[in-house]
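What follows is one structure encoded as structure tokens, with my remarks underneath.
The values are calculated or read from the model by the stated rules, or taken from the named source; none is laboratory data. Computed from a predicted structure; not experimentally measured. Counting neighbours? That spans all protein chains shown, and the Cβs are built from the backbone with ideal geometry, glycine included.
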Amino acid sequence: MTDEKPKYDPKDVLFYAPIGMAMTLKDLMPSIVEALSSRGRTQVEQMHNAANNVYVLARSVAQMRVGQAQTEARKRTDRVKTAAESGLKVVQGFDTPPGGTIVSALRGTAGARPESAGNGDSAFESSGVNGDSDGSEGAHLAIPDYDTLSATQIAQRLNGLDSGELSEVRDYEASHRGRKTIISKINALLEG
């Protein structure tokens, strides 16, 4: 029988190897720590740069959108201001609105009449604001302040008039503003 010597002496494994490992780790530890911290630092910097790029892009887009919104708001404000100034001139009797109605001035379509233009059905045309009268021509009618009333307000007051007063209001309306809603309502009352 041959006596085989163990490959590793238990004294080496239990005593000298741990001491050698500790000495090796002591020598290698700074380089291992440096390598690991360098890799971690690089990873964190990359994540920080990516987040910063997203922030810069989002901020740029937001600034661009705010700039566009401000430009659009300025345009709309200027359009409303112009329409308001035109309307004020009309109310004060100094001017006629661009395009013939305040509605077209508010829509920014000066020169183009609304579909209902001329029939007195629009809110501004039927309100007496379009400069057609000064409020004194219709003073002889059965409806007080006729020239200052809207078509809706006049239509509500027609029910209490007799046929002579209705005919007088119809003739006056036909010769002045010619609002179809009022004339149609009067004709219906006279026929019915």
Go through Arg113, Arg79 for me and flag whichever is at pLDDT 85 or above and among the basic types (Lys, Arg).
Arg79
Scan region 36-56 and tell me whether some residue there is out of contact with any Asp or Glu (no Cβ under 8 Å at 6 or more places or on another chain), among the aromatic types (Phe, Trp, Tyr) and modelled with pLDDT under 80.
no
